[in-house]
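Chemist: Have a look at this one.
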Amino acid sequence: MPQTIEIKTSAGIPASTGTLVIYVAEGAAPTGGAATIWAATGLDWARVTRAAGFKGKQGQMLDLLAPTGLDAARLLVLGAGKPDASASPSAWTDRGGSLAGKLMALKADQVAVLLEEAGATPDRIAELAAGLRLRHYRFDKYRAKKDEPGEAAVLAITLHVADPAATDAAIANRGATVSGTLLARDLINEPANVLGTLEFAAAAQQLTSLGVTVEELDEPAMQALGMNALLVVSQGSARPPRLVIMSWNGGKKGDAPLAFVGKGVVFDTGGISIKGAAGMEDMKGDMGGAAAVTGLMHALAARKAPVNAIGVIGLVENMPSSTAMRPGDIVKAMSGTTIEIINTDAEGRLVLSDALWYTQQRFKPRFMINLATLTGAIGVALGNDHAGLFSNNDELSANLLAAGLATGEKLWRMPMGPAYDKLIESRFADIKNSAGRPAGSITAAQFLLRFVNDVPWAHLDIAGTALGSPTTETNTSWTSGFGVALLDRLVRDNYEPAPAKAK
């Protein structure tokens, strides 16, 4: 069985454990309980740190085995960095991830972490706990040998804090978002032969256990609604299409919902405009937008968010066959807009066009945000560090950018405008689904804009951040689950009522 991680809290200084962890700020000596623990070793702080070159910088570590005077097998002294460097929540998330990486490398099992420094609030400690879980994640279910040699079945971590009750509540609240992110990672990491359209829909149905209402539209239902843009993508595959609608009603009855829409192409060959063979295996992750929306709905429901929210995901598979769409075909979307198919590999925007129109028409949302691994062009423009943000609304954009900085899931706003819109005009239909390579991510966004009416809207192109994610302090998996923490933070900071003040 793969190792699991357990995190709990306690008050006071740890008495005995396998691995004891204390933090020391950059350029400082241990203080408070950490000073008491260090004093018990009988070692000279200045002499030891000088010999080891330890300055307390973020990521630095002193590792003492069987320390004299302590009932612990190991004492880890970790650098906390400069005090002002730990002010942002993501800094504490990174700290937790760094700690998890070190503990896993050392094959620790019973761990006690003393967290009493200034600024160690329950919310920040909850971010550290989130980082522990995010870094601990591994997707190894298909490996014959899942366990590392010498690895314990459970990594049990006790966080020694000033206020365990408040910290437990904060960890549970933040942990709901972590669970949503890990759900998104699991969905994206699954191979396409295991996770098809029906299997993805079944995974979304599991959210009913958290109080989410889940509906599914099958092919006849979508045909009746005129969703020909979505359906044309699926017609080359034996796997049936689905539109899944997830509803969380945690706000006031009648309040307009927040709407999130995800591209769910469970595998993308490119269709008749087939992709090159190199790297095509990564196209099992072309449903990263739908995975993020599903993970977000899990997070909102698990923490009982006081908002009304809708998650809509369009699930299809894009395959070449005798029934597949062809370049030159023309289809009519649910909105009535006619679309000329120029490139069958520009299929995600077809799926989203009907999903967005359906969402704004049925739910009259406060805003719509769609997520999609939409274009390779966004990776060329921004690499793997930022996702592309396109929007018709400055306030929504500003809120998203701020949430990205707070969570480390960063965005960069890209231009839109009439000059780009002109590039998708078609000779034979209202618009065409591809304008070629120039400004490829922008023209894709201009295409989507045609289907949102006047609803405040943002399109997040996550092709560069959701797949082949770079290794960070909080992620060593192929996918980061990008978007769940970002959007949960957006909702928390801007669209939830302020908590009532105690009298």
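The values are calculated or read from the model by the stated rules, or taken from the named source; none is laboratory data. Nothing here was measured: the structure is a model prediction, and the numbers come from that model. Here the Cβ positions follow ideal geometry from the backbone for every residue, glycine too, while neighbour counts run over all protein chains shown.
Chemist: Checking R74 against (1) in contact (Cβ under 8 Å) with a residue 12 or more places away in the chain; (2) not in a strand (DSSP E or B), which test does it fail?
Modeler: Here R74 meets the rest and fails (2).
Chemist: Now a separate question. Only one residue in A170, A165, A184 is on the phi < 0 side of the Ramachandran plot, part of a helix (DSSP H, G or I) and in contact with an Asp or Glu (Cβ under 7 Å, 6 or more places away or on another chain), so which one is that?
Modeler: Numbers: A165 fails: in contact with an Asp or Glu (Cβ under 7 Å, 6 or more places away or on another chain); A184 fails: in contact with an Asp or Glu (Cβ under 7 Å, 6 or more places away or on another chain).
Of A170, A165, A184, the one residue that is on the phi < 0 side of the Ramachandran plot, part of a helix (DSSP H, G or I) and in contact with an Asp or Glu (Cβ under 7 Å, 6 or more places away or on another chain) is A170.
Chemist: Out of A387, A333, report the one residue that is more than 17 Å from A458 (Cα to Cα), crowded, with 20+ Cβ neighbours inside 10 Å, in contact with a helix residue (DSSP H, G or I) (Cβ under 7 Å, 6 or more places away or on another chain) and among the small types (G, A, S). Steps first, answer last, please.
Modeler: On the way: A387 fails: more than 17 Å from A458 (Cα to Cα).
Result: A333 is the single residue among A387, A333 that is more than 17 Å from A458 (Cα to Cα), crowded, with 20+ Cβ neighbours inside 10 Å, in contact with a helix residue (DSSP H, G or I) (Cβ under 7 Å, 6 or more places away or on another chain) and among the small types (G, A, S).
Chemist: Another question, then. Can you tell me how many residues in the stretch 117-128 are in a helix (DSSP H, G or I) and either at positive phi or in contact with a Gly (Cβ under 6 Å, 6 or more places away or on another chain) (or both)? Walk me through how you get there before you give the answer.
Modeler: Initial filter on the stretch 117-128 (in a helix (DSSP H, G or I)): 122-128.
Narrowing the set further to residues that are either at positive phi or in contact with a Gly (Cβ under 6 Å, 6 or more places away or on another chain) (or both) leaves 128.
Matching residues across the stretch 117-128 total 1.
The rows are residues; the columns are (1) in contact with a Gly (Cβ under 8 Å, 6 or more places away or on another chain); (2) at positive phi; (3) crowded, with 19+ Cβ neighbours inside 10 Å.
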position: F428; (1), (2), (3): no, no, no
position: N433; (1), (2), (3): no, no, yes
position: G436; (1), (2), (3): no, yes, no
position: R450; (1), (2), (3): no, no, yes
position: L467; (1), (2), (3): yes, no, yes
position: P470; (1), (2), (3): no, no, no
position: V484; (1), (2), (3): yes, no, yes
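Chemist: Tally time: how many residues in the stretch 2-24 are assigned to a loop (DSSP other than H, G, I, E, B) and within 30 Å of the chain's Cα centre (by Cα)? Give the steps one after another, and end with the answer.
Modeler: The initial filter retains those residues of the stretch 2-24 that are assigned to a loop (DSSP other than H, G, I, E, B), namely 2-3, 11-15.
Remaining after also requiring within 30 Å of the chain's Cα centre (by Cα): 2-3.
Here the count works out to 2.
Chemist: Need pairs with beta-carbon distance below 6 Å; first residue assigned by TED's automatic domain parsing to the domain that holds T338 and of a type in the set (G, A, S) and within the stretch 408-431, second surrounded by 18 or more Cβ atoms within 10 Å (Cβ to Cβ) and at pLDDT below 95; sequence gap 6+ or separate chains.
Modeler: That search, which allows pairs on different chains as well, returns G408/S90.
Chemist: To continue, here is another question. Could you count how many residues in the stretch 274-302 are of a type outside the set (A, V, I, L, M, F, W, C), part of a loop (DSSP other than H, G, I, E, B) and in contact (Cβ under 8 Å) with a residue 12 or more places away in the chain?
Modeler: Residues of the stretch 274-302 that are of a type outside the set (A, V, I, L, M, F, W, C), as a first pass: 275-276, 279, 281-282, 284-286, 288-289, 294-295, 298.
Next cut, part of a loop (DSSP other than H, G, I, E, B) only: 275-276, 279, 286.
Okay, now just the ones that are also in contact (Cβ under 8 Å) with a residue 12 or more places away in the chain, so 275, 286.
Of the residues in the stretch 274-302, 2 are of a type outside the set (A, V, I, L, M, F, W, C), part of a loop (DSSP other than H, G, I, E, B) and in contact (Cβ under 8 Å) with a residue 12 or more places away in the chain.
Chemist: Given the options L371, L352, name the one that is assigned by TED's automatic domain parsing to the domain that holds T197, part of a helix (DSSP H, G or I), under 17 Å from M246 (Cβ atoms) and touching a residue at least 12 places away in the same chain (Cβ under 8 Å). So that I can check it myself, show each step before the final result.
Modeler: Working: L371 fails: part of a helix (DSSP H, G or I).
On inspection, the qualifying residue turns out to be L352.
Chemist: While we're on this one: Can you work out which of the residues in the stretch 84-120 that are among the polar types (S, T, N, Q) and crowded, with 18+ Cβ neighbours inside 10 Å is nearest to A172 (Cα to Cα)?
Modeler: T93
Chemist: Being part of a loop (DSSP other than H, G, I, E, B), within 26 Å of T476 (Cβ to Cβ) and not β-branched (V, I, T), is that true of even one residue in the stretch 96-105? Give the derivation first.
Modeler: Keep residues of the stretch 96-105 that are part of a loop (DSSP other than H, G, I, E, B), which gives none.
So far as the stretch 96-105 goes, no, none of its residues is part of a loop (DSSP other than H, G, I, E, B), within 26 Å of T476 (Cβ to Cβ) and not β-branched (V, I, T).
Chemist: Residues in the stretch 388-399: is at least one free of Cβ contacts under 8 Å to residues at least 12 places away in the same chain and within 16 Å of S469 (Cα to Cα)? Can you show your working first?
Modeler: Initial filter on the stretch 388-399 (free of Cβ contacts under 8 Å to residues at least 12 places away in the same chain): 394, 398.
Retained after the next criterion (residues that are within 16 Å of S469 (Cα to Cα)): none.
No, every residue in the stretch 388-399 fails to be free of Cβ contacts under 8 Å to residues at least 12 places away in the same chain and within 16 Å of S469 (Cα to Cα).
Chemist: Any chance you could count how many residues in the stretch 40-78 are closer than 18 Å to S16 by Cβ, hydrophobic (A, V, I, L, M, F, W, C) and loosely packed, with under 13 Cβ neighbours inside 10 Å?
Modeler: The qualifying residues number 2.
Chemist: Looking at the stretch 303-318, which of its residues are out of contact with any Asp or Glu (no Cβ under 9 Å at 6 or more places or on another chain) and part of a loop (DSSP other than H, G, I, E, B)?
Modeler: Across the stretch 303-318, the qualifying residue is only K304.
Chemist: Considering the stretch 213-234 alone, what residues qualify as being surrounded by 24 or more Cβ atoms within 10 Å (Cβ to Cβ) and either under 30 Å from R303 (Cα atoms) or among the small types (G, A, S) (or both)?
Modeler: Those that are surrounded by 24 or more Cβ atoms within 10 Å (Cβ to Cβ) and either under 30 Å from R303 (Cα atoms) or among the small types (G, A, S) (or both): A229, S234.
Chemist: Would you mind telling me which numbered condition in (1) of a type in the set (G, A, S); (2) touching a Pro at 6+ places or on another chain (Cβ under 6 Å); (3) not in a helix (DSSP H, G or I) A144 fails?
Modeler: Going through (1) of a type in the set (G, A, S); (2) touching a Pro at 6+ places or on another chain (Cβ under 6 Å); (3) not in a helix (DSSP H, G or I) one by one, A144 breaks only (2).
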